[in-house]
Amino acid sequence: MNALANELNAILDGTAAGRLLSRRGRRLYFPRGIIAQSAEAKAKGHTANGTIGIAQQGGHPLILPAIAEAMPGLRPEEAVAYAPTAGVEELRRLWKEQILAKNPGLDPERISLPAVTPGLTAGLSYLADLFLDEGQTMLASDPSWDNYPLIFEERMGARFRAIPFFGEGQGGGGLDLEAIRAAIQEEARTGQVRIAINFPNNPSGYAPTESEARAIAAMLREAAEGGADVFVICDDAYFGLFYEDDVWPVSLFSLLAHLHERIVAAKVDGPIKEDYAWGLRAGFVTFGGAGLGPEHYDALQKKLMGAIRSSVSCANTPAQSFLLKALRDPRTPDEKARFHRLMQSRYEAVRTFLAGHPNHPYLKPLPFNSGYFMCFRCQGIDAEALRRALLDDYGIGVVALGSDCLRIAYSGLDLEKIPLVYETIYKAARSLGDGQDKNV
């Protein structure tokens, strides 16, 4: 094993993070090579800097006129220069300020500086590189984002275990806390728990109440107090898109980051959904753990930088530059509030329709209160058959997840179209189910 990896492992040994590292995670390190030396030269090479493979003139990167004209608001450094492996320093600090402002219970000295990844998916994959080995188990919700099993099971060779997270009923039900606790306790008996928790949830569109969030934190603390090391991914892709007063408007990360020395939490978030910037492909990974100090965070960040450097080298510079400008711009909060009101109006239109059409024989809405989506459990009909019927017969696109879950992204539906879309879904489901019943 590389000597630099051994140095980082020695720092982390004796902590939950060290014990939870995968074999790949233990192998990763951040090389003291071109990137590290370039950073030093940038700080100290006042006369000339010949470390990084970039063409410059007058201290500025060269840029093609066509690219320059397409990005009139960006200086060459903001457009085509390499970004540092862990991201632009100012952006990382601003994003940490955003996290702290949205999660006031966090101690700024006891969480890491966020590192920039090329999208949230990359952040999830890098965390799997560090903390998940072949054959180990990753817990997550059922239903869950379809990329979870692809990342954790297919890519990593781990076991993906879906927990029935959600209760029943369009107006409530919330989380199935007993099922979640049972799965955590069962996994804790192996000595380690790994779980990805996505709120607001994709595909259900549900975020917890404060009592539910605290109950989950208590379950994880119970597992840690019982001697298990616990790694939690807080997937906050849709953070802030909350539509009901009883939704707890902070991240579960705020409860877990300082909870127990055997718990290591990683917050994965970014502007992709929060700031309506899907194609920028910029995400952040932030670590927290009661048993971790500055030297441990530094070691974990270098491990993460090793994963970034060995895959994509760095996240793209223009995305980070655009995000920096958005975070600095005084218009941004009002614009985000305006977009939020638009999403809320669509959410409320769906709620209104469901309230006026209760007890469908073949469709049961899962609880939802946030995000971009809501889901139906299909009862007695196949979700894929319904999806095909909606697409082929009515020109309506929705997503089937397995045989019993239909996801509708109302975020992409104009307000005036929502009643028609849902009426058609109900009509097609009834037609499909009644047709099956007649053929029995």
Next item on the list: Return yes or no: is GLN320 over 20 Å from TYR29 (Cβ atoms), outside the structural domain of LEU100 (by TED's automatic domain parsing) and part of a helix (DSSP H, G or I)?
Entry: no
Check: Under the condition of being aliphatic (A, V, I, L, M) and crowded, with 18+ Cβ neighbours inside 10 Å, which residue from the range 350-360 is farthest from LEU420 (Cα to Cα)?
Finding: LEU354
Note to self: Is it the case, given these coordinates, that GLY191 is farther than 25 Å from ASN103 by Cβ and of a type outside the set (S, T, N, Q)?
What the structure shows: yes
Margin query: Can you find, within the range 335-390, the residue that is modelled with the highest pLDDT among those that are assigned to a helix (DSSP H, G or I) and basic (Lys, Arg)?
Written below: ARG351
Next item on the list: Please specify each residue of the range 350-381 satisfying the condition of being of a type in the set (A, V, I, L, M) and touching a Pro at 6+ places or on another chain (Cβ under 7 Å).
Entry: LEU354, MET374
Next item on the list: Go through (1) surrounded by 15 or more Cβ atoms within 10 Å (Cβ to Cβ); (2) farther than 30 Å from ASP434 by Cα one by one and return the number of the condition LEU363 breaks.
Entry: (2)
Checklist line | Subset of the range 277-311 that is touching a Ser or Thr at 6+ places or on another chain (Cβ under 6 Å) and among the small types (Gly, Ala, Ser) - its residue that is surrounded by the fewest Cβ atoms within 10 Å (Cβ to Cβ) | finding: GLY291
Note to self: Take GLY25 and tell me if it is under 21 Å from the mean Cα position of the chain (by Cα), at pLDDT below 90, assigned by TED's automatic domain parsing to the domain that holds GLN192 and not in a helix (DSSP H, G or I).
What the structure shows: no
Notebook entry, point to check: If you check GLU153, GLU187, which single one turns out to be at pLDDT 95 or above and not hydroxyl-bearing (Ser, Thr, Tyr)?
Noted result: GLU187
Next item on the list: Answer with yes or no whether GLY435 is farther than 24 Å from ARG351 by Cβ and of a type outside the set (Val, Ile, Thr).
Entry: yes
Next item on the list: Select the strands (runs of 3 or more DSSP E) contained entirely in the range 109-205, then report the ones holding at least 3 residues which are surrounded by fewer than 23 Cβ atoms within 10 Å (Cβ to Cβ) and either outside the structural domain of LEU91 (by TED's automatic domain parsing) or hydrophobic (A, V, I, L, M, F, W, C) (or both).
Entry: 159-164
Item checked: One residue from LEU420, LEU390, LEU386, LEU415 being over 21 Å from ALA207 (Cα atoms), of a type in the set (A, V, I, L, M, F, W, C) and without any contact (Cβ under 8 Å) to a residue 24 or more places away in the chain -> LEU420
Next item on the list: Determine if the range 214-225 includes at least one residue that is modelled with pLDDT of 95 or more, under 30 Å from TYR276 (Cα atoms), of a type in the set (A, V, I, L, M, F, W, C) and surrounded by 22 or more Cβ atoms within 10 Å (Cβ to Cβ).
Entry: yes
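The values are calculated or read from the model by the stated rules, or taken from the named source; none is laboratory data. Since the structure is predicted, the reported quantities are computational estimates derived from the model, not experimental observations. For neighbour counting, all protein chains shown are included, and Cβ atoms are generated from backbone atoms with ideal geometry for every residue, glycine included.
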